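The values are calculated or read from the model by the stated rules, or taken from the named source; none is laboratory data. If you're wondering where the values come from, they're calculated on a predicted model, not measured in any experiment. Glycine gets a Cβ as well: all are built from the backbone with ideal geometry, and neighbour counts include every protein chain shown. Side chains are part of the model used for accessible areas, which takes the heavy atoms of the whole protein and leaves out ligands, DNA and RNA. Shrake-Rupley method; radii C 1.70, N 1.55, O 1.52, S 1.80 Å.
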Amino acid sequence: MVTSTPIVLVPGVLCSARLFSAQVMALWPYGQVAVADHRREADMATIAAGILAQAPPRFALAGLSMGGYIALAMMRLAPERVVKLALLDTNARSDTAEQMAGREQMIAKAQAGQLDEIVTSLLPRFLHKNRQNDETLIRVVRDMAAETGAEAFVHQQKAVKTRPDSRPLLKSIACPTLVLVGDGDTLTPPDLSQEMATAIPGAQLVVVPDCGHLSTIEKPDAVNAALVTWVAT
């Protein structure tokens, strides 16, 4: 008999629940699955506290990209409530000055009504180099961006831009942890996942072949297999 564990999934910037469509179905047999909404706040700790307020007393937690930043913020606030942690295509470091400047430019564009142009510029960083012309994936990314909206995107960029460096936190993570990344992820490259997996005691690192940043929609079967093993053992 499978032990039921509530599971909270946290999407990335410009991503909606669609990011985890395949994972919700795969993980459903193992516990109630919820996808967090982080569109309304512009501070990482506030976002983390809000999700914790809605979450079960104890749960498994998985986040992709910004979702990983939020997951680490949640670990900083309430590590005793997280029974398992999965960090997908993410990074424990804070932004560099160059990255902060880039976010400020995107904030200005979003506020000027240029969200579609932002999405177009991000597609090559979101998707593997071999899927730059995959119309199905591009449509999913554009639909998620539309569901997020410009105002929420600005909130997300402000929260991500001011997030703290989480590397000092990693050595204190005591729950079973999966670190997963696409081998062709150029936004949060595999070496950053290796850094996290090395620092977190007992963490498992999974590198998904032929996969970019949005691993859950690019390689759902491989991601599902890793997540099912993570939550079921």
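Look at Val140 and say whether it is of a type in the set (A, V, I, L, M, F, W, C), closer than 30 Å to Ser4 by Cβ and touching an Asp or Glu at 6+ places or on another chain (Cβ under 7 Å). Walk me through how you get there before you give the answer.
Working: of a type in the set (A, V, I, L, M, F, W, C): yes; closer than 30 Å to Ser4 by Cβ: yes; touching an Asp or Glu at 6+ places or on another chain (Cβ under 7 Å): no.
Against the criterion (of a type in the set (A, V, I, L, M, F, W, C), closer than 30 Å to Ser4 by Cβ and touching an Asp or Glu at 6+ places or on another chain (Cβ under 7 Å)), Val140 does not qualify.
Output the number of the condition that Leu122 fails; it satisfies all remaining conditions of (1) open to solvent by less than 20 Å² (accessible area, probe 1.4 Å); (2) within 11 Å of the chain's Cα centre (by Cα).
The number of the failed condition is (2).
Pick out, from region 133-186, the helices (runs of 4 or more DSSP H) lying fully within it that include 3 or more residues that are open to solvent by less than 70 Å² (accessible area, probe 1.4 Å).
Working: elements: 135-148, 150-161, 167-170.
The helices (runs of 4 or more DSSP H) meeting that bar are 135-148, 150-161.
Could you tell me whether Val8 is within 14 Å of the chain's Cα centre (by Cα), buried (at least 22 other Cβ atoms within 10 Å of the Cβ), assigned to a loop (DSSP other than H, G, I, E, B) and at pLDDT 95 or above?
no
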